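What follows is one structure encoded as structure tokens, with my remarks underneath.
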Amino acid sequence: MRKRLILGLPVILAAGMLIAPAGFAADKSEFTADEIYDPFGYMGTPVGQFVSAGTANCPGHEPIGDPMLPPCPADSRTHIRSGVLVSRVSSTDALVAGWMTVELNTNWNIYFEGPIWGTFSIMLDSGGSWAGTWQGKRVYENGYWTGTLKVRGKGIGGSVDGMIMMAEDHLQSFIPMPIAYVGVIEGVIIEPK
């Protein structure tokens with residue numbers, strides 16, 4: 001009996017490997033999109049909306065001035081919690097084009113570099129929406145700040161209902177505070193079967 005089990009197990013595993021990919025396959029489609037957030041028109045025509053600066057904490061210091069400007073003294077780190085903004089996502093793929101609401105959290109050093117994270121939702125022009133989370137890091141290089149974000153969302157309603165989106169968003173800003181930026185998003189949409 002033991003010999004049959006040992007000899008039969010590889011056959012069962014091999015058959016399972018052939019069947020499993022067909023049963024768990026998913027349709028995948030790649031996409032690219034542009035993101036712009038410039039509600040005050042620093043780069044031209046205003047796009048997007050500033051909703052809330054959230055709260056700013058300056059470890060070891062008291063916040064100063066307008067939260068739209070650097071809210072902390074020059075020698076202080078900047079921690080932002082629950083800032084909210086609305087940016088525009090443009091794409092030839094209707095499954096990602098729409099208005100994106102972003103909740104922003106940061107732990108920046110004195111150079112406005114460091115981890116960034118939060119949640120997002122995209123109200124699609126074609127109906128339905130995406131909701132999910134993002135995280136990344138912001139650095140200063142070549143005269144501007146760049147952020148590379150890992151994004152993961154789930155489709156709700158419309159033609160994206162039940163789909164999964166995984167993407168990378170590459171942001172650039174010439175301003176220390178996130179009051180204007182542009183981004184390029186590259187990702188994949190997965191439709192489970």
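Listed conditions (1) free of Cβ contacts under 8 Å to residues at least 40 places away in the same chain; (2) in a strand (DSSP E or B) are all met by M165, apart from (1). Among the criteria (1) surrounded by 16 or more Cβ atoms within 10 Å (Cβ to Cβ); (2) touching a strand residue (DSSP E or B) at 6+ places or on another chain (Cβ under 6 Å); (3) not hydrophobic (A, V, I, L, M, F, W, C), the one P115 does not fulfil is (1).
Determine whether P70 is under 29 Å from W134 (Cβ atoms), touching a strand residue (DSSP E or B) at 6+ places or on another chain (Cβ under 8 Å) and modelled with pLDDT under 95. Yes; evaluated as a whole, the condition is true for this residue. Confirm whether I185 is farther than 22 Å from Y37 by Cα and surrounded by 15 or more Cβ atoms within 10 Å (Cβ to Cβ). Answer is no for this residue. Listed conditions (1) under 24 Å from Y181 (Cα atoms); (2) modelled with pLDDT of 90 or more are all met by P59, apart from (1).
Of all residues in the range 43-66, those being under 19 Å from N109 (Cβ atoms) and in contact (Cβ under 8 Å) with a residue 24 or more places away in the chain number 4.
The values are calculated or read from the model by the stated rules, or taken from the named source; none is laboratory data. Being a predicted model, the structure only gives us computed values, none of them experimental. Here Cβ is always computed from backbone atoms with ideal geometry, including for glycine, and neighbour counts include all displayed protein chains.
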